[in-house]
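Beneath this line is the structure, given in structure tokens, with notes to follow.
The values are calculated or read from the model by the stated rules, or taken from the named source; none is laboratory data. Since the structure is predicted, the reported quantities are computational estimates derived from the model, not experimental observations. Cβ placement follows ideal geometry from the backbone for every residue including glycine, while neighbour counts extend to all protein chains displayed. Note: accessible area is taken over every heavy atom of the protein model, side chains too, but ligands, DNA and RNA are not part of it. Shrake-Rupley method; radii C 1.70, N 1.55, O 1.52, S 1.80 Å.
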Amino acid sequence: MRKKLLLFICIFWLGLGALLAQQPPFYNEVQALLKKDNFEHPAPNSILLTGSSSFTKWTDVQQYFPGYKIVNRAFGGSTIPDLIRYADEVIIPYQPKQVVIYCGDNDLASSDNITPEMVRNRFLQLFDHIRHKLPKTHILYVAIKPSPSRERLMPKMVVANMLIEAYLKTAVNAAFADVYHPMLLPNGKANPTLFIEDNLHMNAAGYAIWQKVLKPYLLK
């Protein structure tokens, strides 16, 4: 009897381990976001922020934009494919009047094989998915930001931003917000005073620049 019990326990834990191994990246983070809706589901026609940690860590974003209804559904160190994977969970159901996207930074950092053209193509796939499901929703892309810790990637960032901006200039009900250039020093390097100790994520001074750049694009 004891052997059977031990066998059952082993099979259970092996099965649980296999199940957890099959979960895609950021599964737990997304589930935690969705649990928020059990207590208070945001009203439709809000402004939805989605993307990676530069938005995730902007925990007081609502204070920067009084008079606007902001819903933050960014998660972890996500890449654009991660946003595509979870779009039907953390973007589409909210029926927002505007989707504000910050992503692409981690795409370039994930591998030297990722090119600006690949980032642009990934964004177009996400853009098309949102546009198909939410044809009336305005889509705002926030430029990939420069940061001291990813200085070597800045040439790629510039090209990726240019490619995405060029596309959005031809798109209807969409815009590109350039936070890249206001975050540079006169010598063209990322301004280190805008970042916390990791030289990747921003402090309040960095977010103040984002507030100034983004506000003209946000829908009332």
- Query: Projected onto the charge dipole of the chain (+1 at Lys/Arg Cβ, -1 at Asp/Glu Cβ, origin at the Cα centre), which of Ile144, Gly188, Ile84 gives the Cα projection farthest towards the positive end?
  - Reply: Ile84
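Per residue, what accessible area does segment 9-168 have, given a 1.4 Å probe and all protein chains present, in Å²?
On the way: 7440 Å² over 160 residues.
Value for segment 9-168: 47 Å² per residue.
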- Nearest-20 debye value, segment 81-130 charge dipole, Cβ charges on Lys, Arg, Asp, Glu: 180 debye
- What's the angle, to the nearest 10 degrees (0 to 90), between helix 154-170's Cα axis and the longest principal axis of the chain? 80 degrees
- Message: Under 10 Å, Cα contacts only: if you run a Gaussian network model on the chain, which one of Gly67, Gly51, Gly104 comes out with the highest mean-square fluctuation?
- Response: Gly67
- Query: How much net charge surrounds Arg122 when only other residues with a Cβ under 13 Å from its Cβ are counted (Lys, Arg +1; Asp, Glu -1)?
  - Reply: -3
- Message: Going Cα to Cα from Lys57, which lysines come in below 25 Å? Please leave out same-chain ones fewer than 8 positions away.
- Response: Lys35, Lys36, Lys69, Lys97, Lys145, Lys156, Lys189, Lys212, Lys215, Lys220
- Query: What's the angle, to the nearest 10 degrees (0 to 90), between helix 116-133's Cα axis and the longest principal axis of the chain?
  - Reply: 80 degrees
- Note on the structure: Accessible-area order for Asp112, Asp178, Asp37, largest to smallest, probe 1.4 angstrom, reads Asp112, Asp178, Asp37
- Diffing segment 48-60: the Karplus 3J(HN,Hα) column from phi (6.51, -1.76, 1.60, θ = phi - 60°), in whole Hz with x for Gly and Pro, holds 9, 8, 9, x, 9, 5, 4, 8, 3, 7, 8, 6, 9
- Task: Find which of Val61, Tyr27, Cys103 sits farthest along the positive direction of the dipole of segment 27-124, computed with +1 on the beta-carbon of Lys and Arg, -1 on that of Asp and Glu, about the Cα centre.
- Result: Val61
- Task: Please give the net charge around Gly67, taking every other residue with its beta carbon less than 12 angstrom from that of Gly67, where Lys and Arg add +1 and Asp and Glu add -1.
- Result: +3
- Name the most mobile residue of Tyr207, Tyr102, Tyr167, meaning the one with the largest mean-square fluctuation, in a Gaussian network model of the chain with Cα contacts below 10 Å. Tyr167
- Item | Size of charge dipole - segment 61-220 - debye, nearest 20, with Cβ of Lys, Arg +1 and Asp, Glu -1, no other charges | 600 debye
- Task: Work from the charge dipole of the chain (Cβ charges, +1 for Lys and Arg, -1 for Asp and Glu, about the Cα centre) and give the residue of Val159, Ala177, Ala43 farthest towards its positive end.
- Result: Ala43
- Task: Calculate how steeply helix 2-22 sits against the longest principal axis of the alpha-carbon atoms of the chain, using the helix alpha-carbon long axis, and give the answer as 0 to 90 degrees to the nearest 10.
- Result: 20 degrees
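At a Förster radius of 45 Å, what calculated FRET efficiency corresponds to the Cβ-Cβ distance of Lys35 and Asn187, to the nearest 0.05? Don't skip to the answer; put the middle values down first.
Numbers: r = 46 Å, r/R0 = 1.01.
Rounded to the nearest 0.05, the efficiency is 0.50.
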- Message: Solvent-accessible area of Glu165, probe 1.4 Å, all protein chains present, reported in Å² to the nearest ten, please.
- Response: 60 Å²
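Probe radius 1.4 Å, ligands and nucleic acids ignored: give me the carbon and sulfur share of the accessible area of the chain as a rounded percent.
Numbers: 6920 of 11500 Å².
The computed percentage sits at 60.
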- Query: With each label point set 7 Å from Cα along the Cα-Cβ vector, what nm distance links Asp178 and Val159?
  - Reply: 2.0 nm
